[in-house]
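The values are calculated or read from the model by the stated rules, or taken from the named source; none is laboratory data. A quick note: this is a predicted structure, and the numbers were derived from the prediction, not measured. Note that we place each Cβ from the backbone using ideal geometry, even for glycine, and neighbour counts take in every protein chain shown. Note: areas computed on protein heavy atoms with side chains; ligands, DNA, RNA excluded. Shrake-Rupley method; radii C 1.70, N 1.55, O 1.52, S 1.80 Å.
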Amino acid sequence: MLIAGNWKMNPPTLAEAEALGRALRLAPPTPATLLVCPPFTALASLAALLRGTRIGLGAQNCAATPDAGAHTGEISAAMLRDLGASHVILGHSERRADQAESDALIRAKIAAARAHGLIPIVCVGETADQRRAGQAESIVAAQLAASLPDDFAGIIAYEPIWAIGTGLTPSAADVTAMHAALHADLAARFGARAEAMPILYGGSVKPGNAADLLALPHVGGALVGGASLNAADFLAIAAAG
Ligand code: PGA
């Protein structure tokens, strides 16, 4: 089980990010692996704060260009590795929507991440309209097919867009069906290597629903947004894994 916290563009100050990191350092041992993904500006501080703990560090994005150079405003996978990050979230629906990230761009970012030894956490998910229209599985399958390079190794996160930050979650049957479909797609494309590609669930994971969601078949962990900004909630979710 991997329980990953996606802090998004939070908290507003470095002092608050450090306070959250210090609270997480008190995490009691859990069988689940813990990962926090703060904003770029807090990565160096969090790397220092979490050194020697069981909590890993990830970023929320990286450049598609693997190497240093003339790319104003970009942060490379190599820079993230240098700061101590092991993982990077790529293709989150907020970036697909707000930054117009395409499957092709996400595929290039995955290649850049892997070139520098970062483990990508690749997000896929459907809108409410797409689910109502019965297209959830085909949309997600298309995102998966187009986003992953042929030599993919890493983690998938299924995050229904309508469940993110809304307090809504899909039914156990819907999560089970989607994760089974994703697992089958990965197995069809990557063969036995698919067994080493955990599929996280994300979207309104809270202490109250984590145990039920994490118990479902082919759910290899959770990508947690809002609840990861509260140390007690994040650690309660981790304990449920
Ligand atoms: P949420 O966000 O837990 O606040 O719904 C999840 C995510 O966007 O990764």
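Whats the longest run of the chain with zero trypsin sites (Lys or Arg not before Pro) that are DSSP loop and have at most 16 other Cβ atoms within 10 Å? All intermediate terms of the calculation are to be shown ahead of the outcome.
Numbers: sites that count: Arg25, Arg51, Arg54.
Value returned for the longest uninterrupted segment is 55-241.
Using a cut-off of 14 Å between beta-carbons, work out the net charge of the residues near Leu57 (Lys and Arg +1, Asp and Glu -1, Leu57 not included). Display every interim value, and only then the final one.
Working: positive: Arg25, Arg51, Arg54, Arg81; negative: Glu18, Asp82.
With Lys, Arg at +1 and Asp, Glu at -1, the neighbours total +2.
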Exercise. Nearest 20 debye, what's the magnitude of the dipole of the chain about its Cα centre given +1 on Lys and Arg Cβ and -1 on Asp and Glu Cβ?
Worked result: 460 debye
Seminar exercise, completed: Listed residues Ala23, Ala64, Ala141; largest mean-square fluctuation, Gaussian network over the chain with Cα springs below 10 Å, found at Ala23
Exercise. Can you give me the relative contact order of the chain as a percent, contacts being Cα pairs under 8 Å and 6 or more apart?
Worked result: 21 percent
Exercise. What is the sum of charges around Leu229, taking Lys and Arg as +1, Asp and Glu as -1, for the other residues whose C-beta is under 10 Å from the C-beta of Leu229?
Worked result: -1
Problem set entry | Relative contact order of the range 132-241, pairs being alpha-carbon contacts under 8 Å that are 6 or more residues apart, as % | 28 percent
Problem set entry | Solvent-accessible area per residue for the chain (1.4 angstrom probe, square angstrom) | 42 Å²
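Arrange the residues Trp7, Trp162 by how much accessible surface each exposes, largest first, with a 1.4 angstrom probe. Let's see the in-between values first.
Values: Trp7 0, Trp162 50 Å².
Descending accessible area places them as Trp162, Trp7.
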Exercise. Could you give the distance between the Cα centres of the range 1-31 and the range 171-214, to the whole Å?
Worked result: 24 Å
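Let me check against my output: what whole-number percent is the relative contact order of the range 1-134, with C-alpha pairs under 8 Å and at least 6 apart? Please list the in-between numbers first.
On the way: 204 pairs, mean separation 27.8, N = 134.
Relative CO of the range 1-134 lands at 21 percent.
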For this session: Net charge near Leu186: determine it from the other residues with C-beta under 13 Å of the C-beta of Leu186, scoring Lys and Arg +1 and Asp and Glu -1.
Result: -1
For this session: Find how much the distance from Ser86 to Asn230 grows on full extension, using 0.36 nm per residue of separation minus their present alpha carbon separation; answer in nm with one decimal.
Result: 49.6 nm
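Share of antiparallel DSSP beta bridges in the range 2-240, in percent to the nearest 5?
On the way: 0 of 27 bridges.
Counting only bridges with both partners in the range 2-240, antiparallel ones make up about 0 percent.
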Seminar exercise, completed: With the convex hull built on the alpha-carbon atoms of the chain, volume per residue in Å³ sits at 118 Å³
Problem set entry | Distant-in-sequence amide H partners of Ala59 (H built 1.01 Å from N, under 5 Å) | His87, Val88, Ile89
